[in-house]
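Colleague: Attaching a single structure in structure tokens format; questions to follow.
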Amino acid sequence: MPVDLIQDDMEFTPECEAALVEIFSRYDKDNDGALNNEEIQAFAKYTNEAELEEIRDNLDCREEDGALLKGGFLQLYSLQTNAGDEEETWKDLKKHGYDDSLQLVKEADDDGDEKESSKQ
């Protein structure tokens with residue numbers, strides 16, 4: 001049985017937040033703490049095999065260029081998970097190499113090909 005993603009107060013468990021932050025960091029190629037349009041599209045294409053439109057409308061983004069901030073990325077998953085779509089959040093976590101205990105067991109390289117995690 002998978003571990004919990006959210007706590008009783010509707011906040012992410014520390015393990016879930018750490019996994020999501022790690023995934024965010026994979027796509028933040030320029031390490032500026034935000035996902036620009038190219039980085040968002042790379043995330044969307046790998047995760048959902050589709051582009052994300054209007055992602056910035058209701059999420060925490062940088063004002064000057066609309067880049068999705070880490071807080072906005074977490075907000076995206078918080079809204080999804082707390083709206084009762086925990087299964088979709090799990091699907092995304094597993095797509096990015098996490099198991100039912102939120103341990104990273106497979107990583108994806110820049111081409112999206114999976115490889116065994118060196119963090120075991």
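Colleague: All but one of (1) open to solvent by 20 Å² or more (accessible area, probe 1.4 Å); (2) at pLDDT 95 or above; (3) within 12 Å of the chain's Cα centre (by Cα) hold for I23; state the number of the condition that does not hold.
Modeller: If we test I23 against (1) open to solvent by 20 Å² or more (accessible area, probe 1.4 Å); (2) at pLDDT 95 or above; (3) within 12 Å of the chain's Cα centre (by Cα), just (1) comes out false.
Colleague: Could you give me the residue pairs with C-beta distances under 8 Å whose first residue belongs to segment 81-105 and is closer than 13 Å to T47 by Cβ and free of Cβ contacts under 8 Å to residues at least 40 places away in the same chain, whose second residue is surrounded by 13 or more Cβ atoms within 10 Å (Cβ to Cβ) and of a type in the set (S, T, N, Q) wherever it lies, and which are 6+ apart or on separate chains?
Modeller: Going by the 8 Å Cβ cut-off, the qualifying pairs are E88/Q80; G97/S117.
Colleague: Taking the residues in segment 101-120 that are open to solvent by 50 Å² or more (accessible area, probe 1.4 Å), more than 13 Å from I23 (Cα to Cα) and outside any strand (DSSP E or B) as candidates, determine which candidate is modelled with the highest pLDDT.
Modeller: Here the residue is S101.
Colleague: Go through segment 70-100 and give me each residue that's more than 25 Å from N36 (Cβ to Cβ), within 11 Å of the chain's Cα centre (by Cα) and surrounded by 15 or more Cβ atoms within 10 Å (Cβ to Cβ).
Modeller: W90
Colleague: Need pairs with beta-carbon distance below 8 Å; first residue in contact (Cβ under 8 Å) with a residue 40 or more places away in the chain and within segment 56-77, second assigned to a strand (DSSP E or B); sequence gap 6+ or separate chains.
Modeller: Note: pairs meeting the criteria are K70/A34; F73/L35; L74/F12; Y77/F12.
Colleague: Please go through segment 1-26 and give me each residue that is in contact with a helix residue (DSSP H, G or I) (Cβ under 7 Å, 6 or more places away or on another chain) and β-branched (V, I, T), ordered by number.
Modeller: Within segment 1-26, V3, I6, V21 meet the criteria.
Colleague: Just to be sure I understand the filter: pairs with C-beta atoms under 7 Å, separated by 6 or more residues or on different chains, first member in segment 9-36 and without any contact (Cβ under 8 Å) to a residue 60 or more places away in the chain and assigned to a strand (DSSP E or B), second member open to solvent by 30 Å² or more (accessible area, probe 1.4 Å) and of a type in the set (D, E, K, R). Which pairs pass?
Modeller: A34/R62
The values are calculated or read from the model by the stated rules, or taken from the named source; none is laboratory data. From a predicted model like this one, the values you see are computed outputs, not experimental measurements. When we count neighbours, we look across all protein chains shown, and the Cβ atoms used for this are built from the backbone with ideal geometry, even at glycine. Just so you know, the surface numbers come from the protein's heavy atoms only, side chains and all, with ligands and any DNA or RNA stripped out. Shrake-Rupley method; radii C 1.70, N 1.55, O 1.52, S 1.80 Å.
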